[in-house]
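Just so it is clear, none of the values below were taken in a lab; they were calculated from the coordinates. None of the values given here were measured: they were computed from a predicted structure. Every residue, glycine among them, receives a Cβ derived from its backbone with ideal geometry; neighbour counts consider all protein chains shown.
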Amino acid sequence: MAERRDMLSQTIRIDIPPDLLKTIDSTRDRKVGVPARKSHETRSSTGPVGLLELDSNFHELFQHVYDGALIADLSGRIIDANRRACEFLLYERAEFQSLNITDVISGSDSGLVKALRTNLAKDLFTLIQCYCARKDRSLFPSEIAVNHLKLSNQGYLCFFIRDITLRRQADELLRTEHNAIQNSSNGIGIATLDAQFEYVNPAVAQMWGYDRVEEVIGRNIVDFLADPALAGKMIEAGRAGKVWTGRTLAKRKNGSSFHVQISIAGNRDSDDELVGMVFSFLDISDSLRVEEAERQTERQRVMVESLGAACHHLGQPATVILASLDVLLKLSAVEKNEVVIDLLSSSMEAAETLRTMLRDLNGMTEYKTRPYLENQEGTAAGGARILDV
């Protein structure tokens, strides 16, 4: 392992943006859609294509290397190519004789070859991240490992080309997914099978009132919920690889509480082995307050409608009672019975008050109550309340 670390520490990485992404000066004409400029001498077809064939074993190995392989002299002029390089770059093997490595690596120039010779002279490994230009001038992302090669007592540069299009696409997808998770308003956390957080997005820290996500990493989900028993059920479901969704009360850093909806799903590796849990958190405090307000509104609507219906049914008997009392009061006036007259007058006033109250209740649009009794300070005494008409 130590030897591997030493080897990696001696690796020089070179990133070369393609011509398409670089500022092109007036002396350069090698870009997408334009045939490659031949800045070097063209060699005849009887040139050193057969150099590698001097060693049949080496030639066989070279042709069957998985990566595209090019061998060039120390000036960068390509001498030979294997089958894979022909597939990648769309050239025939003989056509590579007229190319320099800078014709293949988009955006490169003679300074690259000089840097490669310098690095290899110091026994430094060189890895190039770049775009390669095909014969039709289309580009593909590639990773090129460069080595020093000795053949027939002469030094050469060997380029091993790997098409990393799929890897680049996967990296871009991962980057997009990561940005989406990081910027999500929902809290998202990844935990071990013991429910200890290995990753949380900023929304989780903000939801629980922490300044930094590092304050949450390494802690257990149980620390953040008010109901340990429910937290245990959640963890048990997650360990079993089941999907669990529910609502519970959560505890913020400052001790306050809020309602949160939690969803849990299993986190599986490439072999479909369960390795942890994925949590999704949604603060539902506001939505619960809205739901309660809606319930109160609906309750008031039902009460108002019920009162309206009751007033309608009570109105007619009250009118009959009032009319009957009026007739009795007039008859009593003839007989001049003062006691009866007083009783009937009081009954008339009560009936009139009842009719007025029924009329007000029937026209009521808002259901409100007030304390039935108030103390001397004007505050409610006891829990009894009556309708505020």
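Which order, highest average first, do 276-288, 163-175 follow once you tally other Cβ atoms within 10 Å for each residue and take the mean per peptide?
Numbers: 276-288: 17.2, 163-175: 11.7.
Result, highest mean first: 276-288, 163-175.
Report the gain in length on full extension from ILE284 to SER152: 0.36 nm times residue separation, minus Cα-Cα distance, nm rounded to one decimal.
Numbers: separation 132, 0.36 × 132 = 47.52 nm, distance 7.54 nm.
Stretched fully, the ILE284-SER152 segment lengthens by 40.0 nm.
Note down the nm distance, to one decimal, between modelled labels 7 Å out along Cα→Cβ at ASN179 and at ASP109.
3.1 nm
Go ahead and run the numbers for FRET between LYS330 and THR356, Cβ-Cβ distance against an R0 of 30 Å, rounding to 0.05.
With a Förster radius of 30 Å, E is 0.85.
Between ASP73 and ALA265, what FRET efficiency comes out of the Förster formula 1/(1 + (r/R0)^6) with R0 = 51 Å and r the beta carbon distance, rounded to 0.05?
0.35
Can you tell me how much longer the chain between TYR199 and ARG252 gets when fully stretched, taken as 0.36 nm per residue apart minus their C-alpha distance, in nm with one decimal?
17.3 nm
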